[in-house]
Protein chains: 2
Amino acid sequence: MSGITVWAPNAQKVTLLADGERHQMSATEDGWWATEATGRDYGFLIDDDETPLPDPRSRRQPESVHGLSRHFDPSGFDWTDSAWTGRQLPGRVIYELHLGTFTPDGTLDSAIDRLDHLVSLGVDFVELLPVNAFNGIHNWGYDGVLWYAVQESYGGPEAYQRFVDACHARGLAVIQDVVYNHLGPSGNYLPRFGPYLHEESSNTWGATVNLDSPEVRRYVIDNALMWLRDYHVDGLRLDAVHALVDESPKHILRELAEETDALSAFLGRPLTLIAESDLNDPTLVTPREADGYGLAAQWSDDFHHALHVALTGETTGYYADFEPLGALEKVLTRGFFHDGTYSSFREKDHGGPIDTGTMPTWRLVVANQNHDQVGNRAAGDRLAASLDYGQLAIAAVMTLAGPFTPMLFMGEEWGASTPWQFFTSHPETELGKTTAEGRFAEFERMGWDRSTVPDPQEPSTFTDSKLDWSETASDDHARLLEIYRALAQLRKERPSLTDPRFDRVLVTIDEDEKWLILGRGELSILVNFSEESRLVPHLTGGVLLLVSTAGVDLSDSGVTMPGHSVAILSR
Amino acid sequence: MSGITVWAPNAQKVTLLADGERHQMSATEDGWWATEATGRDYGFLIDDDETPLPDPRSRRQPESVHGLSRHFDPSGFDWTDSAWTGRQLPGRVIYELHLGTFTPDGTLDSAIDRLDHLVSLGVDFVELLPVNAFNGIHNWGYDGVLWYAVQESYGGPEAYQRFVDACHARGLAVIQDVVYNHLGPSGNYLPRFGPYLHEESSNTWGATVNLDSPEVRRYVIDNALMWLRDYHVDGLRLDAVHALVDESPKHILRELAEETDALSAFLGRPLTLIAESDLNDPTLVTPREADGYGLAAQWSDDFHHALHVALTGETTGYYADFEPLGALEKVLTRGFFHDGTYSSFREKDHGGPIDTGTMPTWRLVVANQNHDQVGNRAAGDRLAASLDYGQLAIAAVMTLAGPFTPMLFMGEEWGASTPWQFFTSHPETELGKTTAEGRFAEFERMGWDRSTVPDPQEPSTFTDSKLDWSETASDDHARLLEIYRALAQLRKERPSLTDPRFDRVLVTIDEDEKWLILGRGELSILVNFSEESRLVPHLTGGVLLLVSTAGVDLSDSGVTMPGHSVAILSR
């Protein structure tokens, strides 16, 4: 480390406090301050404030997000992945996990011990919920503040390097979830340094990030590149990009994609950008040659909603438009359900159509459950809490044998009985109360009894959300796990299952009888969403490759499917 | 193997001759014939002809392209590359080699012994000249006939699998050169089976392939997929695609790209298609979302021609338009020189412009010499035969530090003194004579004395073309080799050198003084093409990262560059 620099255009004076010593910093240019001094534990005194603030680009916060930053040199790690040439997304399977609740210890190192489970499951990408530093010791990660620091309670930055290295050793690629649309409610000292935020405008989670500032844009982009370069990460999941307000000639997502592609050419491995977007706008994943931003993929909540409604019958809130089975048919064949159509939840037209003639299906990342769709429910209950085994098998098949990039949410593969609740650990009593009250009030508005909503600040809300790995040994859970493994195996044997062409997807439904046939090349995926047995018409002949339940029966008149069953048939 | 099938719509009767036994085949549908019989060595008797013909999809021809086919099961090989996740092209270096002349033995197995040299050189992709079966025992490969067979004199299909496996073990990816635009002059029995060719139309090399036939299209596409799937090949170089005449609604290249992308999603690794094209048409490498074919890259001969003329001063034939140094400037900043401009050689406007705002520079594959540009010269002489060390260093720097995907031609890295001549080994006396006479006449028309043109049928023409690896030990050659290694190293250290953005490329030239500055981010590449010393104007300061010769001198007024010198300077 040759000296320390910081961008603080708002300051009249900046003092480095390093290992107890004070060093006056000099203004250089464009609001930057510099000193030749260095140190292990350091912070900045802005103007005459005697409270040291953490480095906005801090790599490590040993005490908390409010404490001093600690120097960390990412180049010191002894990587063993020199033969790793990266993983491309097309045709692959993602596994979303939250470090704090994935294992009893909730650390990066303990997560390493579970990687072999993911390999045996046929997973290709591990996607981590945000790991950057947040207030308290446990959190989903979306209250993070110091984007460059790895949360100390997970093990800090070196443990993160160990984790990525261990993934690569097993052929697993890593996607990091990063949040550039807001900062958490505590520990955000950025406004003290410079105009990082638009104080006058805000989104659901806080003030919006000021993307009019070139330095703030670099703060975003440098952070993205940091994960990919210093931590050997293979891709980023960009949280809620619809909340990135950018009126510049070149949208920050396009600029980020260009810079990422340049880094990819330098590093010699694919770097994958995936947007979480509520826009249903194909522009995000359209190549720049066709005037898109050139991201690799985006989440499709429509898939989730259509499948969720078909399985659960829930039709409240944003589920309303997805009531007919035809919604799922449309999603499977055209990607977005809302592709310019009226959204009753939004009370306006929503989305734009996908050019199914050219866009590969893998550009949509889909899940039958994920951290949001589970955690944002009042009780954080998973599908397994309300569906039977046959329905869970349907969810698995539709996700893993459907046309899109499947993403599993940790534990769904064995129908984990543990909930995944909204939890926080704000040390500030008042903030804790406000957070809990906000949660209670939100669900009360939707008609829930507040006593059924777990208190996010209660430690048990967090600990109850940890996976119980002993469940995988029980017959009930192992039965579902076998379906997941069989599907992953089938993906390796049958090219039709990873075929990226929309025009190879054929869907037939019976809206009244609630069955669906998804045709993929020589394969037919037959689903009976109804609880009654159904006779699903089908060409005679064929071989059953996978059935969820005994009782599926091929005859000349079609396929008899017991209630809540699924089968994969090969011509 | 369960039975043997063959497409022979022209036949009235097809008999399988397998291990000496005859088996009548049955017509199935669409011109296909089948039998349950199998065998090791086999051929087909069409109608009443008693001469067995090789299988159009033969995997192995132990005797010759005229003999019986031998059964080969590609799934029998014990691959060790399960951890191989493929190599993406952006930012990488290709090395083109011809198996027969790469090593003294001229086999796949002996080539394995030289792979470590390629690794030490910083090569990422090994590109093999065609290996499919050809007439005789040595050939460039463009006289091949049986597209599915690996030439026996190279070691046959299992040796090919060993070679790819050995490459992957060293982190090297493999590109196979494949020829779908014509068939060689001897051993082509396809017309006996079906309408593979348009007999009424031909290109430079023979009858054109009949792409109006769906079965012939499958013959092409299945072959491409065979290399990628059964032989774990990472990419294909498609020979002379401008000679693929296809009036179908979907061009065969687009169809091939779609099928390759689908296979890539299934296999989970990047599969790279590179076209050799004389069209200068960006459509080939434009994504399908923007109405292109979606190939990964294409060769740019314009780069070669512009650099060749700047180095050698040759301005005959197609070199004429490239006489000004401005041609090289245009190529570096806009990719194609002929991008709609008049080509005096073609006597018409040629090419179309690249959208430099969105197309990444790596989509153009460039070389300062390659098998064609060396081998198609009368004497097969390399640049090293006529240029001095300084000029060879310039060629190396322009290729490896320029904006495009560099491709080296085997031996150029040490300035091999061996020529690389046009050679054939047709066993048929008459064909041998015709081939040689054609070659002599071609160069006579261009004003050469025929006695200076080596006879392609002479064994020495082949053996003289073999690399002399002992040269790498001599100081003269080692000096150039060091430049190549230093450039490869610099590409790993400086992201600017692999930056794919055209708008980051800045070029300044002095047409009279014959110097050029290529700006790439913080780097300036200074080239003095003149034999006189030049003072190249440049901002003061900076660090010399690489110089070809002593005598490069930084001063306040610029950089003094000795005649035929090159330097890389970092701000």
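Bear in mind these aren't lab numbers, they're just calculated from the coordinates by the rules spelled out. The model shown is predicted, which means the values in this text are computed figures rather than measured ones. Cβ placement follows ideal geometry from the backbone for every residue including glycine, while neighbour counts extend to all protein chains displayed.
A few remarks follow.
- Other protein chain Cβ atoms within 10 Å, averaged over every residue that makes up A:86-97: 4
- Counting Lys and Arg as +1 and Asp and Glu as -1 over every other residue whose Cβ lies under 10 Å from the Cβ of A:Val93, the net charge comes to +1.
- B:Glu482 versus B:Phe345: modelled label distance in nm, points set 7 Å from Cα along the beta carbon direction: 3.6 nm
- Expected 222 nm ellipticity per residue - DSSP helices of 4 or more, -39500 (n - 2.57), all of chain B, to 500: -7500 deg cm²/dmol
- Per-peptide average of other Cβ atoms within 10 Å, ordering A:128-140, A:152-164 highest first: A:128-140, A:152-164
- Evaluating 6.51 cos²θ - 1.76 cosθ + 1.60 at θ = phi - 60° for every residue in the stretch A:277-284, the Karplus couplings come out as 9, 9, 9, 6, 10, x, 3, 4 Hz, glycine and proline recorded as x.
- Normalised contact order of chain A, rounded percent, pairs of Cα under 8 Å and 6 or more residues apart: 11 percent
- The long axis of helix B:301-312 is offset from the longest Cα principal axis of chain B by roughly 50 degrees.
- Extent along the principal axes, Cα only, for the stretch B:288-390: 46, 26, 24 Å, with the longest axis given first.
- DSSP-assigned coil residues among GluC sites (Glu not before Pro) in the stretch B:209-278, each with at most 11 further Cβ atoms within 10 Å: B:Glu247
- Counting DSSP beta bridges with both ends in chain A, the antiparallel % (nearest 5): 70 percent
- Enclosed volume per residue, in Å³, of the convex hull spanned by Cα atoms of the stretch B:382-477: 140 Å³
- If you bin all the Cα-Cα distances of the stretch B:422-479 at 5 Å, starting from zero, the percentages per bin are 4, 18, 20, 16, 13, 9, 10, 8, 2, 0.
- Pair-distance profile P(r), taking every C-alpha pair of chain A, with 20 angstrom steps and integer %: 20, 54, 23, 3, 0
- Placing +1 on the Cβ of every Lys and Arg and -1 on the Cβ of every Asp and Glu, with nothing else charged, gives the stretch B:495-570 a dipole about its Cα centre of roughly 320 debye.
- Reciprocal mean inverse distance between Cα atoms of the stretch A:327-442 - Kirkwood radius, Å: 16.8 Å
- Once the Cα atoms are used to define both axes, helix B:214-230 deviates from the longest principal axis of chain B by about 60 degrees.
- Cα gyration tensor category, rounded, prolate or oblate, for the stretch A:4-53 with a/c compared to 1.5: oblate
- Applied to the stretch A:362-376, the Karplus parametrisation 6.51 cos²θ - 1.76 cosθ + 1.60 on θ = phi - 60° returns per-residue 3J(HN,Hα) values of 5, 5, 9, 9, 10, 8, 8, 7, 8, 4, 6, 5, 8, x, 7 Hz, with x for Gly and Pro.
- The phi-based Karplus calculation (6.51 cos²θ - 1.76 cosθ + 1.60; θ = phi - 60°) puts the 3J(HN,Hα) values of the stretch A:128-137 at 9, 4, x, 10, 6, 4, 10, 6, x, 10 Hz, whole numbers, x for Gly and Pro.
- Shielding by other protein chains, B:255-265, mean Cβ within 10 Å: 5
- Estimated FRET transfer efficiency when R0 is 45 angstrom, pair A:Leu279-A:Glu63 (beta carbons, to 0.05): 0.70
- Dividing the alpha-carbon radius of gyration of the stretch A:224-316 by the rule-of-thumb value 2.2 N^0.38 Å gives 1.25.
- Averaging 1/r over every pair of different alpha carbons in the stretch B:61-103 and inverting the result gives a Kirkwood radius of 15.0 Å.
- For A:Trp32 and B:Asp105, a Förster radius of 60 Å and the Cβ-Cβ distance give a FRET efficiency of 0.45, rounded to the nearest 0.05.
- Shape of the stretch A:470-535 from the C-alpha gyration tensor: oblate (a/c of 1.5 or more and a/b not above b/c, with a ≥ b ≥ c the square roots of its eigenvalues).
- Placing a label point 7 Å from Cα along the Cα-to-Cβ axis, A:Thr508 is separated from the same position in the other copies by 7.1 nm, shortest listed first.
- Per-residue shielding of B:284-290, expressed as the average number of other chain Cβ atoms within 10 Å of the residue Cβ, stands at 6.
- In this structure, the amide hydrogen of A:Asn203, modeled 1.01 Å from its nitrogen in the peptide plane, lies closer than 5 angstrom to those of A:Thr208, counting only residues at least 5 positions away or on a different chain.
- Proximity of backbone amide H atoms, modeled 1.01 Å from N, is registered between B:Glu127 and B:Tyr95, B:Glu96, B:Leu97, B:Ile175 at under 5 Å, excluding neighbours fewer than 5 places apart on the same chain.
- Over the stretch A:501-570, the ratio between the Cα radius of gyration and 2.2 N^0.38 Å evaluates to 1.02.
- Taking a quarter of the surface of the Cα convex hull of the protein assembly as shown gives a mean projected area of 47.9 nm².
- Between the amide H of B:Gly106 and any residue lying 5 or more places away or on another chain, no distance stays under 5 Å, with hydrogens modeled in the peptide plane.
- For the stretch A:4-53, the relative contact order is 40 percent, taking Cα pairs closer than 8 Å that sit 6 or more residues apart in sequence and dividing their mean separation by the residue count.
- Angle in degrees between helix A:252-267 and the longest Cα principal axis of chain A, rounded to the nearest 10: 90 degrees
- Net charge, A:Gly351 excluded, C-beta distance under 9 Å - Lys, Arg +1, Asp, Glu -1: -4
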